[in-house]
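Read the figures in this text as sums done on the coordinates, not as results from a lab. Note that the coordinates shown come from a computational prediction; the quantities given were computed from them, not determined experimentally. Backbone-built Cβ (ideal geometry, glycine too); neighbour counts: all protein chains shown.
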Amino acid sequence: MRRHLQIAAMTLLSLTPLIAQAPQGWKMRVDRSTSASDPDGTGDIKFVTSGAGFHATNPQAAVYWNPANTAGSAYTLKGTFTLMKPSGHTNYYGLVFGGSNLDGATQSYTYFLVAQDGTWLIKRRDGDATSNVAPKTPNDAVKKPGADGKSTNALEVRVGADKLDFVVNGVVVNTQPKTGPTAKVDGIYGIRVNHLLEVQVDGFGVSK
């Protein structure tokens, strides 16, 4: 019985608005590891305002969003991500767009992420299933951690009339047609940070 109560509490936490120092109106969905060889860290997730941006500390992976933040048709989604220190192995972080039902069983979104090893990837999530739009790919545009352990990468998703450009630090690293897995661009936009990462996010938002 106690275990059932703990599970219910964790589910409630992952689907309710963030509190404490979190940005007003923002929510999170926790994506807990089910891998014995790649477990989550200990402690609580923290997503707080930091300067003009946000600061995410993620022992577990999570998606962060404000339901009021939606975009459609043609737009550019941007965010500058500073990885505060490397994790023990490769983990990804970046932008979420075209989202719907993010707090429900039929969650759906596309995500464009980078990692400390200098790779990027594009994926889709539909419910509990994920699929690669473009697999992890190395590119010199993706900055790796320096001597101080930090790296800063400015990410963009440029949604046009018939294509999407995926941009890292001003360099187009991939282009996808506005069809198939990247046909859905209308909806909520947000942030994803995988487990064992601490990331500062600045300049996050959409322009037409």
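With only alpha-carbon pairs counted, each pair once and no self-pairs, how large is the Kirkwood hydrodynamic radius of the range 42-172 in angstroms? Each step should come with its number before you reach the end.
Details: mean 1/r = 0.0634 Å⁻¹.
Averaging 1/r across every pair of different Cα atoms and inverting gives 15.8 Å.
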Inter-probe distance in nm under a simple model that places probes 7 Å from Cα toward Cβ, at residue 144 and residue 90: 1.1 nm
Considering the Cα trace of the range 102-144, what is its radius of gyration and what is Dmax, both in angstroms? 12.4, 37
With N residues in the range 75-121, what two-decimal value do you get for its Cα radius of gyration over 2.2 N^0.38 Å? 1.35
In order through the range 31-38: 3J(HN,Hα) via Karplus (6.51 cos²θ - 1.76 cosθ + 1.60), integer Hz, x for Gly, Pro: 10, 6, 5, 10, 9, 5, 8, 9
Rank these for me by crowding, 192, 158, going from fewest to most other beta carbons within 10 Å. 158, 192
Among the aspartates and glutamates, which fall within straight-line cross-link reach of residue 27, defined as a Cα-Cα distance under 13 Å, with same-chain neighbours fewer than 8 residues apart omitted? 103
Please go through the residue pairs 150/184; 123/208; 78/150; 85/208; 78/178; 46/78 and name each one whose alpha carbons sit more than 30 Å apart in this structure. 150/184; 85/208
5 Å is the cut-off here: which amide hydrogens, built 1.01 Å from N in the peptide plane, fall below it relative to residue 195, excluding neighbours closer than 5 in sequence? 61
